[in-house]
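Working notes for the structure below.
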Amino acid sequence: MIDPDIIEPSIDPKTKKIGIRHVKATNAAGTRTKIQVRDFDPVYTDEPASLGGTNSAPSPLETVLVALVGCDGVIINGVAKAIGFNYAGVDFACQSQIDVRGPKGVPGIRPYFETASLEITVYSDEPDDRFALLQKNVEFRCPVMNLLNAAEVAMDVTWTKRPTADYTGNVD
C-alpha cells in the first residue's frame, strides 16, 4: 500500500538511473588515510590517540556521522523544494555509540555502531502538519539514514521546529 504522506518521486520511477560515486585513497601502513574525492582538496581520516591513531583527522566512524548530517541537509533541501516548505536553516547534533571490542575482533560484538542519536532543528514558521510531512519524507529518502537503519543501528532521531527568526547559522 502506498503511504499518502510520501510525496511523488522527483524522477521517473520507471527509468533506472545509476549514480556512481568514486573515491581514491592511500594509507601508509598507519591509521591516517588520505582520501581524494573528485577534484576537491584531499580529506583525511585517522583514529584518536586512545585507539592507536595520531588524532590528526576525524575517525572513519565520525565521517559516517558527517555523512549522515550532510545527507540529511541535502535531502531536507530537496524535499522542502518539492513541497514548497519554507525554512531558514537547519542545525544538527549527532552522536553514536560503539563497543570498541567489535573492531578489535572480539567474537559476538558487532564492529559498527550500536546506537546513534540525531537531533534535527529546523528553523521554519510552517505549520506543524507541513513540518511532519517534511520529516516523514526526509526519513524515507535519506540514503545514509536508511543505511544505518538497514544495519539495525538503533536510531533515536528527534526533530524540533523553531521560529525562522531564531536561526543564527552561517554556512561558509
Using the Cα centre as the reference, give the magnitude of the dipole from point charges on the C-beta atoms of the chain (Lys, Arg: +1; Asp, Glu: -1; all else neutral), rounded to the nearest 20 debye.
840
Neighbour count of at most 13 Cβ within 10 Å plus DSSP loop: longest trypsin sites (Lys or Arg not before Pro)-free window in the chain:
105-172
Express in whole angstrom the spacing between the alpha-carbon centres of segment 94-128 and segment 50-89.
13
Just to confirm the number: angle between the C-alpha axis of helix 60-83 and the first principal axis of the chain, 0 to 90 degrees, nearest 10?
10
Where the Cα pairs of segment 20-172 fall when distances are cut into 10 Å bins, in %
10, 32, 33, 19, 6, 0
Kindly express, to the nearest 10 degrees and within the range 0 to 90, the angle between helix 128-141's C-alpha long axis and the longest C-alpha principal axis of the chain.
40
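Coordinate-derived values only; no laboratory data. As the structure is a prediction and not an experimental result, all values here were calculated from the model. Cβ sites come from the backbone with ideal geometry, for glycine too, and all protein chains shown count toward neighbours.
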